[in-house]
Amino acid sequence: MTKIASLCVFSGSKKGNDPAFAATAEALGREMARRGTRLVYGGGDIGLMSVLARAVLAEGGQVMGVIPEFLRAFEVGDPGVQELIVVGSMHERKAVMFDEADGFVVLPGGLGTLDEMFEILTWKQLQQHAKPVVVVDVNGYWEPLKAMIARIVDGGFGHHKINELLIFVATADQVWDALASAPKPDIVVLTSHL
């Protein structure tokens, strides 16, 4: 894997009920700044998104936010980021975030986080990119996702190698090794559906 200069992080617009979620977002942000890795994220100044962006900024790191115009008022965008891109739609937001990132990290979040993650995974399954995707399973938050992926395979809707499209880790400090060791997507995850 080449150096990750920009990392897109998908995370919740809320902090969630477990203080470990925010602590993990903060730890990831600090480490990104320390490594000189630019954060690309949804541009909001609420929830885990805010915790993450503010942690990067507090350590002198670079942050690019991407936010649709209609969400700007709701998500109180721009916690002081160096670059805030305002787009017209959620589709455009995801496209810009994808183009600007060398890899992806998924923190705990809700439906929007799932939407962003599944689109990136689907594009990877379809051989549209080979960027690493790392899911931080803080205190087992993403265990149901692991079970759903297993169910997809068991139900005959996915090749067992779809498990290689993403890597699960437990803590923020494990993200970097996972990014470096992520395998390229096997063509069989596409051709097994054709």
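Annotations
- Scanning the range 105-135 for residues that are of a type outside the set (A, V, I, L, M), within 27 Å of residue 15 (Cβ to Cβ), open to solvent by less than 10 Å² (accessible area, probe 1.4 Å) and assigned to a helix (DSSP H, G or I) gives a single hit, 113.
- Taking the range 151-168 as the range and being farther than 13 Å from residue 104 by Cα, modelled with pLDDT of 95 or more and either crowded, with 18+ Cβ neighbours inside 10 Å or in contact with a Phe, Trp or Tyr (Cβ under 9 Å, 6 or more places away or on another chain) (or both) as the test, only 151 passes.
- Residues that are in contact with an Asp or Glu (Cβ under 9 Å, 6 or more places away or on another chain) and either more than 18 Å from residue 13 (Cβ to Cβ) or touching a residue at least 60 places away in the same chain (Cβ under 8 Å) (or both) within the range 92-104 comprise 97, 98, 104, listed in sequence order.
- Enumerated helices (runs of 4 or more DSSP H) restricted to the range 1-78, each holding at least 2 residues that are open to solvent by 20 Å² or more (accessible area, probe 1.4 Å) and in contact with a strand residue (DSSP E or B) (Cβ under 7 Å, 6 or more places away or on another chain): 69-75
- Subset of the range 136-194 (residues that are in a helix (DSSP H, G or I), within 17 Å of residue 7 (Cα to Cα) and touching a residue at least 60 places away in the same chain (Cβ under 8 Å)): 172, 173, 175, 176, 179, 180, 181
- Any chance residue 179 is at pLDDT 95 or above, crowded, with 16+ Cβ neighbours inside 10 Å, hydrophobic (A, V, I, L, M, F, W, C) and more than 13 Å from residue 103 (Cβ to Cβ): no
- Residues in the range 79-97 that are surrounded by fewer than 16 Cβ atoms within 10 Å (Cβ to Cβ), over 18 Å from the mean Cα position of the chain (by Cα) and of a type outside the set (D, E, K, R): 4 in all.
The values are calculated or read from the model by the stated rules, or taken from the named source; none is laboratory data. Remember, it's a predicted structure, so these values are computed and weren't measured experimentally. Backbone-built Cβ (ideal geometry, glycine too); neighbour counts: all protein chains shown. Quick note on the areas: whole protein, heavy atoms, side chains included, nothing else; ligands and nucleic acids left out. Shrake-Rupley method; radii C 1.70, N 1.55, O 1.52, S 1.80 Å.
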